[in-house]
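*Asks:* Okay, handing you the structure first.
The values are calculated or read from the model by the stated rules, or taken from the named source; none is laboratory data. Please read these numbers as outputs of a predicted model, since none were measured by experiment. Cβ: placed from backbone, ideal geometry, glycine included. Neighbour counts: every protein chain shown.
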């Protein structure tokens, strides 16, 4: 059996989006003859690989082989739009799928099901050094003098957009104004010590010793602890639900949709939960989570959050978010440009 975790890592951030690694879902030849390609953002590589392996044990997935490519979400989406083969795409933010809808590569109704086009859920966390030497407890601590932050670049990374939007939302959630949110974010961005291209690259930079706090996904923090990394993480009580989008392309064989259906089933969602992803909200009551190794409390891995915003309910959807915050003249884009970070 090929070690798909190793191969998924080989496909992450090396030579950009163009590198693919062959993964075989079982020993021997392919019973169906289907070789599927999945192109995605870096963070769920291990979870996807585990779901692929479980799918191979079903009649629909028997003998299916895989090609994978992982990297920064925006870069991966643009690569598919420019011709990189993909049967399944799994991106950090919805606009990276709608880019492919506009290109005629994904159906217009890709997000019409009960999952609204989402495959994996998470929340934003603050990862700190073991013992929490800077005493980071909440969002406000990120604006303190002398605190060095690692977070990915929203120009290439969907993870960065979730991180920064969550920081912005934290001000609104305690009754602050948009102006106060902008002032707070200016202070946070002013403390950024590293601005890597993807969420996974940001994690690597932090583990290599950069910064005092990493703004990250809950699932990414849990996965690192599963792999033996020594740090702590804080789940802020004012937070943003991270909803990662997935779709099959119009040219994909039926097996690709069968895989996505399996990944969206309670069984598939339970596998993602083992890798630190929160079950999709409409399936939460049907997913057996159990203990999750690497969580702060493995018996209660996904603590309830007092104030949890969503992009659709509280920001008007991703089109409005991009227009207001992240386009060339967006509020957050201007803050980053004025800081000198690129």
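*Asks:* Which of the residues belonging to segment 173-214 are in contact (Cβ under 8 Å) with a residue 24 or more places away in the chain and at positive phi?
*Replies:* 211, the sole residue that qualifies.
*Asks:* Of all strands (runs of 3 or more DSSP E) completely enclosed by segment 2-92, which ones contain at least 2 residues that are at pLDDT 65 or above, in contact with a strand residue (DSSP E or B) (Cβ under 9 Å, 6 or more places away or on another chain) and surrounded by 17 or more Cβ atoms within 10 Å (Cβ to Cβ)? So that I can check it myself, show each step before the final result.
*Replies:* Numbers: elements: 21-24, 35-41, 65-71, 88-91.
Per the criteria, 35-41, 65-71, 88-91.
*Asks:* Same structure, new question: Looking for something over 17 Å from the mean Cα position of the chain (by Cα) and closer than 17 Å to residue 50 by Cβ - is there at least one such residue anywhere in segment 300-314?
*Replies:* Looking for residues that are over 17 Å from the mean Cα position of the chain (by Cα) and closer than 17 Å to residue 50 by Cβ, one finds at least one in segment 300-314, hence yes.
*Asks:* Would you pick out the residues in segment 318-336 that are surrounded by 15 or more Cβ atoms within 10 Å (Cβ to Cβ) and part of a loop (DSSP other than H, G, I, E, B)?
*Replies:* Across segment 318-336, the qualifying residue is only 330.
*Asks:* OK, next. Could you look through segment 266-296, keep only residues that are free of Cβ contacts under 8 Å to residues at least 24 places away in the same chain and out of contact with any helix residue (DSSP H, G or I) (no Cβ under 7 Å at 6 or more places or on another chain), and pick out the one that is surrounded by the fewest Cβ atoms within 10 Å (Cβ to Cβ)?
*Replies:* Only one residue tops the list, namely 285.
*Asks:* Residues that are crowded, with 24+ Cβ neighbours inside 10 Å, closer than 22 Å to residue 54 by Cα and either outside the structural domain of residue 317 (by TED's automatic domain parsing) or out of contact with any helix residue (DSSP H, G or I) (no Cβ under 7 Å at 6 or more places or on another chain) (or both): does segment 215-223 have at least one?
*Replies:* yes
*Asks:* Check segment 241-255 and report whether any residue there is more than 20 Å from the chain's Cα centre (by Cα), assigned to a helix (DSSP H, G or I) and either under 27 Å from residue 74 (Cβ atoms) or outside the structural domain of residue 145 (by TED's automatic domain parsing) (or both).
*Replies:* yes
*Asks:* Could you check, for segment 237-258, whether at least one of its residues is on the phi > 0 side of the Ramachandran plot and without any contact (Cβ under 8 Å) to a residue 40 or more places away in the chain?
*Replies:* No, segment 237-258 contains no residue that is on the phi > 0 side of the Ramachandran plot and without any contact (Cβ under 8 Å) to a residue 40 or more places away in the chain.
*Asks:* Do the conditions hold for residue 238, that is, is it over 25 Å from residue 39 (Cβ atoms), buried (at least 20 other Cβ atoms within 10 Å of the Cβ) and in contact with a helix residue (DSSP H, G or I) (Cβ under 7 Å, 6 or more places away or on another chain)?
*Replies:* yes
*Asks:* For segment 151-180, give me each residue that is more than 19 Å from residue 239 (Cβ to Cβ) and surrounded by 17 or more Cβ atoms within 10 Å (Cβ to Cβ).
*Replies:* 153, 155, 156
*Asks:* Now, a different point. If you scan segment 93-117, which residues turn out to be surrounded by fewer than 17 Cβ atoms within 10 Å (Cβ to Cβ) and in a loop (DSSP other than H, G, I, E, B)?
*Replies:* 103, 104, 107, 108, 109, 112, 113, 114, 116
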